[in-house]
Amino acid sequence: FTLNTAGQPTMKLERMPASQMAQQLADIDGSRIYELNSGTLIIKPLEEIPGPTAAYTYTTSTQATAIILTGSDREDADYLRDKVTVTGATMEAVGDATTSTTLTATALLLNSGGLIQPPLPSGSHIEAEYSNQLLDTQASVDSLATLLLTRFARIPRYLTLEIAGDPRLELGMTVSIE
């Protein structure tokens with residue numbers, strides 16, 4: 001992890017558990033931390049768009065694969081945000097300890113009126129704020145603001161299934177449910 005790419009950053013990892021430190025470093029490029037069935041811990045970007053084909057199909061109608069015990073689904077409309085502000089490191093000008101700027105970026109979802117029900121009054125937004133003092137370039141702050149907006153601009157639909165157990169499943173797999 002290379003620091004000091006755009007000036008002298010004033011930053012540090014605060015006293016926190018190692019898991020929080022790892023999460024703060026992973027957040028810089030939008031990575032997720034998850035554990036495989038084998039116990040291996042993975043830190044990498046996780047594509048949040050469903051794959052074109054399902055890794056596995058589960059059904060309640062075919063005896064050979066009828067392993068769904070119960071199931072429910074819900075949408076979380078409260079998750080939606082249409083404006084994200086990201087704050088990064090406070091940068092001191094090289095050789096000048098008196099001049100400093102804090103890196104910030106704001107991403108705004110245009111034409112979000114159809115997603116938010118009922119529509120918000122004109123000029124208002126549902127905002128989210130994120131801060132990570134390890135973001136030391138304006139490009140990284142801009143990139144993370146755009147990434148977070150794309151995550152927040154989708155209303156997630158949660159599918160809860162109770163299955164008899166399938167050790168083949170891993171986080172991020174596209175599963176087809178009939």
Original post:
Probe 1.4 Å, all protein chains in place: accessible area of MET173 in Å², nearest 10?
Top reply: 70
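Please give the length that would be gained between GLN23 and ARG157 if that part of the chain were fully extended, namely 0.36 nm times their separation in residues minus their C-alpha to C-alpha distance (nm, one decimal). Let's see the in-between values first.
Working: separation 134, 0.36 × 134 = 48.24 nm, distance 2.43 nm.
That pair, GLN23 and ARG157, stretches by 45.8 nm at full extension.
The values are calculated or read from the model by the stated rules, or taken from the named source; none is laboratory data. The structure presented is a predicted model; accordingly, all values stated were derived computationally and were not measured. With ligands, DNA and RNA removed, areas are computed over all heavy atoms of the protein, side chains included. Shrake-Rupley method; radii C 1.70, N 1.55, O 1.52, S 1.80 Å.
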